[in-house]
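So the structure is just underneath, and the comments pick up after that.
Laboratory data are not the source of any read-out in this text; all were calculated from the coordinates shown. Please read all numbers here as calculations on a predicted model, not as lab measurements. Cβ atoms come from the backbone with ideal geometry, glycine included; neighbour counts cover every protein chain shown.
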Amino acid sequence: SEVLRLSGIEKGYHIGKPGEIRVLNGVDLTLSRGEVCALVAPSGAGKSTLLHIAGLLDTPDSGSVTIAGDDLTGRGDRARTRARRQKIGFVYQFHHLLPEFTAAENIILPQLAAGTSQADARARAMDLLARVGLEHRVDHRPAEMSGGEQQRTAFCRALANAPSLLLADEPTGNLDPGTSDTVFEALVQLVRDTGMAALIATHNLDLAARMDRTVRLNAGTLV
Ligand code: ADP
Ligand code: ADP
């Protein structure tokens, strides 16, 4: 079933008096459950803009965004924020974990905020950390973990509330190539195991080749 549908997305930015630069010029994309899709784009092509629109952090000038069957076009901030919290997980190049909390706590907190019980939240955190091979890091703080371990913890946090869509922007971009490979593999496995759909922006064509599909952002459209 369909998790993300982008139809006819257009987005421009006004810069200075006369001009508008059109970054997205009719983007169409549909992702189904379990599908892992690479988004490849040269720097400045509009990859972040597209991820922000798909993640309901920004609105397009025209076109529609449908998440898990819910058309959020023209809906208010509250509906969009609720949909974002319930249905979308984000991963960035830098992990953004809370430094004063342990790996498990970083994954438990967003679940408590969503109304999950402490016991269920802890059980899910343990399960997610075990899936990425971090059973032994449950009670460690980010500063006590390697870059790859921090990033795997961030993947678990993104999946804490069982979203249906994962959006990732260069998720292994700050890791050395060897670590990047295993950490990336862990992310793709996690996505497949949980039946999410994922859109993963990367410059790394070897990593892109391991996903189900690659779309390229070029001159404002996807090819
Ligand atoms: P990418 O992530 O592919 O590097 P971005 O989506 O960040 O690209 O940006 C695409 C283009 O839009 C760039 O030319 C950038 O300078 C411009 N842009 C992005 N955000 C803004 C903004 N808030 N205001 C003006 N221009 C912007
Ligand atoms: P909360 O207030 O519960 O932390 P938000 O609704 O603000 O959640 O954000 C939901 C998700 O969107 C979070 O994963 C957060 O990291 C991400 N997010 C929120 N605002 C931005 C932003 N301006 N840029 C990038 N990601 C953001």
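Taking the helices alone, the chain has a mean residue ellipticity at 222 nm of -11000 deg cm²/dmol, built from -39,500 (n - 2.57) per DSSP H run of at least 4 residues and averaged over all its residues.
Projecting the Cα atoms of Ala154, Thr66, Leu217 onto the charge dipole of the chain (Cβ charges, centred on the Cα centre) puts Thr66 farthest toward the positive pole. Once backbone amide H atoms are built at 1.01 Å from N, Ala198 has Glu35, Val36, Cys37, Leu166 as its partners under 5 Å, excluding neighbours fewer than 5 places away on the same chain. Roughly how big is the chain's charge dipole about its Cα centre, with Cβ charges of +1 (Lys, Arg) and -1 (Asp, Glu), in debye to the nearest 20? The calculated dipole for the chain is roughly 540 debye. Axis of helix 177-194 versus longest Cα principal axis of the chain: the two differ by about 90°, to the nearest ten degrees.
Helix 77-87 and the long axis of the chain differ in direction by around 50°, with both axes built from C-alpha atoms. Amide H neighbours of His140 under 5 Å, at least 5 residues apart or on other chains, H built in the peptide plane: list them. The answer is Ala103, Ala104. Proximity of backbone amide H atoms, modeled 1.01 Å from N, is registered between Val23 and Lys11, Gly12, Tyr13 at under 5 Å, excluding neighbours fewer than 5 places apart on the same chain. Kindly provide log₁₀ I(q)/I(0) values, in the same order as q = 0.15, 0.17 Å⁻¹, from the Debye equation applied to equal alpha-carbon scatterers of the chain. With one equal scatterer per Cα and no solvent, log10 I(q)/I(0) is -0.98, -1.21. Rounded to the nearest Hz, the phi-derived 3J(HN,Hα) couplings of the range 142-148 under the Karplus curve 6.51 cos²θ - 1.76 cosθ + 1.60 (θ = phi - 60°) are x, 5, 9, 10, 6, x, x, where x marks glycine and proline. A straight line joining the Cα centroids of the range 14-55 and the range 188-205 runs 18 Å. Each 5 Å bin from zero up to the one holding the largest Cα-Cα distance in the range 31-151 carries the following percent of pairs: 2, 9, 16, 17, 17, 17, 13, 7, 2, 0.
Computed from Cα positions, the angle between helix 103-113 and the longest principal axis of the chain comes to roughly 60 degrees.
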